[in-house]
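Data first, discussion second: the structure below is written as structure tokens.
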Amino acid sequence: MSTGPTLSREAVAEVDVTGQFDEVLGLPDHLRDALWRVESANLKAHDSPGGLVIAGMGASSVGGALARAALGDGASRPIMLARDYGLPGWTTPDTTVLCASYSGNTEETLAAYDAAQALGAHTIVVTTGGKLAEEARADGVPVIPLPAGFQSRAAVGYSLVVALEVARLCGAGESLHAEVDVAAEHAASLAVAWGPDSDEGSLAKTLARGLHGTIPQIAGAALTTPVAYRWKTQINENAKSPAFAAELPELDHNELVGWDGAKDLGPFSAVFLDDSDLHPRVRQRIELTRGLIASRGGVTFRVETIGQTRLERLVSMVLLGDLVSLYLAALRGVDPAPVEATESIKSALNGS
């Protein structure tokens, strides 16, 4: 039994004028198509003793963080993110640098690309086009082409699979090629269970109603740490609402104390992203932490990943968080597509 406004397909369509739900529900197809696009790029395997650096901002970098988590112990060399105007100081010609920008015009990623070229690092580009594709093709750098027409944050399946495949090609991680197909099939069934045509009491709709009107903190651990960050950014961008991400067990050593003042400051909530493979003490911490937050007036939820492989379980939580963020947008009555604040910063920088 559900309470509150309906979240039927007809109801969400009233605010989702650009079809963001369809883009998110397309995740299974995006995962499969990404494999084809990497194969079509005819990239050659090469050895990178210096590991892999994934340079990108926003949604373009999230895929790298998710790929690193999905690999887990299957990552045999460092896989690092560069969310800045350059590369880590330890980057050498023996490092592979994957420059990821959906638009191809992200200024930080363009600067990282220039840094990689100056170092002589093995560089690969993934983009829809723009200046990044233009420079890469002029330099003879391989380009993995992405389909245009999405919000960049809806292309997370592409950025995840591309990062996994580049990690395999450069020797930084084992192949998860077969697991991608399984994860895609699993996500397709979850999209039906949680999508706009699902029952009003489905998990995604229930979570959205529970979080509506609150400022959520999304807590992850190990596999779910980058997923928690993804939830946070999707709530920020789609629901146009503040949200924060934290990691256990670190959360218990500082942020937990801040909940003492939560009741005096506003309605807060906490979502704990659990996983069957977490350290037993971390799973115990989730219950203890949740109880303490609830006693201080916070609304709390514990959600467990679904699936057999690490990649299946990770993808399940990415899809759930994306849908929750869109349902929150519907409940707030806001169009999830525009990101006016981000665009205003870009315009101001371009005019300076």
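Any idea which of Asp94, Asp73 is charged (D, E, K, R), outside the structural domain of Thr224 (by TED's automatic domain parsing), over 27 Å from Gly130 (Cβ atoms) and within 21 Å of the chain's Cα centre (by Cα)?
Asp73
Name the one entry in Leu160, Leu207 that is under 30 Å from Ala341 (Cα atoms), in a helix (DSSP H, G or I), aliphatic (A, V, I, L, M) and out of contact with any strand residue (DSSP E or B) (no Cβ under 8 Å at 6 or more places or on another chain).
Values: Leu207 fails: out of contact with any strand residue (DSSP E or B) (no Cβ under 8 Å at 6 or more places or on another chain).
None of the others qualify; the one that does is Leu160.
Mind counting the residues in the stretch 83-124 that are among the small types (Gly, Ala, Ser), buried (at least 17 other Cβ atoms within 10 Å of the Cβ) and farther than 23 Å from Thr342 by Cβ?
3
So in the stretch 283-316, with the set limited to residues that are closer than 17 Å to Leu256 by Cβ, hydrophobic (A, V, I, L, M, F, W, C) and crowded, with 20+ Cβ neighbours inside 10 Å, which one is nearest to the chain's Cα centre (by Cα)? Working first, answer last.
Keep residues of the stretch 283-316 that are closer than 17 Å to Leu256 by Cβ, which gives 283-302.
Of the ones still in play, those that are also hydrophobic (A, V, I, L, M, F, W, C) are 286, 288, 292-294, 299, 301.
Now drop any that are not crowded, with 20+ Cβ neighbours inside 10 Å, which leaves 286, 293.
Working: Ile286: 22, Ile293: 26 Å.
Applying the filter and picking the extreme gives Ile286.
Could you list all residues from the stretch 226-266 that are within 14 Å of the chain's Cα centre (by Cα), within 20 Å of Arg283 (Cα to Cα) and not aliphatic (A, V, I, L, M)?
Once the filter is applied, which keeps residues that are within 14 Å of the chain's Cα centre (by Cα), within 20 Å of Arg283 (Cα to Cα) and not aliphatic (A, V, I, L, M), the stretch 226-266 yields Pro226, Tyr229, Trp231.
What are the residue pairs meeting all of these: first residue in the stretch 239-251, first residue surrounded by fewer than 22 Cβ atoms within 10 Å (Cβ to Cβ), second residue modelled with pLDDT under 95, Cβ atoms under 6 Å, and 6 or more apart or on different chains?
So the pair list comes out empty.
Matching residues to (1) touching a strand residue (DSSP E or B) at 6+ places or on another chain (Cβ under 7 Å); (2) of a type outside the set (Val, Ile, Thr); (3) touching a residue at least 60 places away in the same chain (Cβ under 8 Å); (4) within 22 Å of Asp275 (Cβ to Cβ):
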{"residue": "Gly297", "(1), (2), (3), (4)": "no, yes, no, no"}
{"residue": "Glu304", "(1), (2), (3), (4)": "yes, yes, no, yes"}
{"residue": "Thr309", "(1), (2), (3), (4)": "no, no, yes, yes"}
{"residue": "Asp322", "(1), (2), (3), (4)": "no, yes, yes, yes"}
{"residue": "Leu328", "(1), (2), (3), (4)": "no, yes, yes, no"}
{"residue": "Arg332", "(1), (2), (3), (4)": "no, yes, yes, no"}
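Would you mind stating whether Ala70 is in contact (Cβ under 8 Å) with a residue 12 or more places away in the chain, among the small types (Gly, Ala, Ser) and surrounded by fewer than 23 Cβ atoms within 10 Å (Cβ to Cβ)? Let's see the steps before the verdict.
Values: in contact (Cβ under 8 Å) with a residue 12 or more places away in the chain: yes; among the small types (Gly, Ala, Ser): yes; surrounded by fewer than 23 Cβ atoms within 10 Å (Cβ to Cβ): no.
The answer is no for Ala70.
Filter the helices (runs of 4 or more DSSP H) completely within the stretch 240-345 down to those with at least 3 residues that are polar (S, T, N, Q), in the same structural domain as Ala228 (by TED's automatic domain parsing) and closer than 24 Å to Glu23 by Cα. Let's see the steps before the verdict.
Values: elements: 255-258, 262-265, 280-295, 310-332.
Those helices (runs of 4 or more DSSP H) do not exist here; none qualify.
Out of Leu176, Leu169, report the one residue that is more than 19 Å from the chain's Cα centre (by Cα) and farther than 25 Å from Val324 by Cβ.
On the way: Leu176 fails: more than 19 Å from the chain's Cα centre (by Cα).
Step by step, each of Leu176, Leu169 is checked, and only Leu169 is more than 19 Å from the chain's Cα centre (by Cα) and farther than 25 Å from Val324 by Cβ.
Pick from Ala188, Ala184, Ala219: which is under 25 Å from Arg310 (Cβ atoms) and assigned to a strand (DSSP E or B)?
On the way: Ala188 fails: assigned to a strand (DSSP E or B); Ala184 fails: assigned to a strand (DSSP E or B).
Just one listed residue meets the conditions, Ala219.
Within the stretch 331-352, how many residues turn out to be surrounded by 12 or more Cβ atoms within 10 Å (Cβ to Cβ) and small (Gly, Ala, Ser)?
Total meeting the criteria: 1.
The values are calculated or read from the model by the stated rules, or taken from the named source; none is laboratory data. Because the structure is predicted, anything quoted here is derived from the model rather than measured. Please note: Cβ atoms are built from the backbone with ideal geometry, for glycine as well, and neighbour counts cover all protein chains shown.
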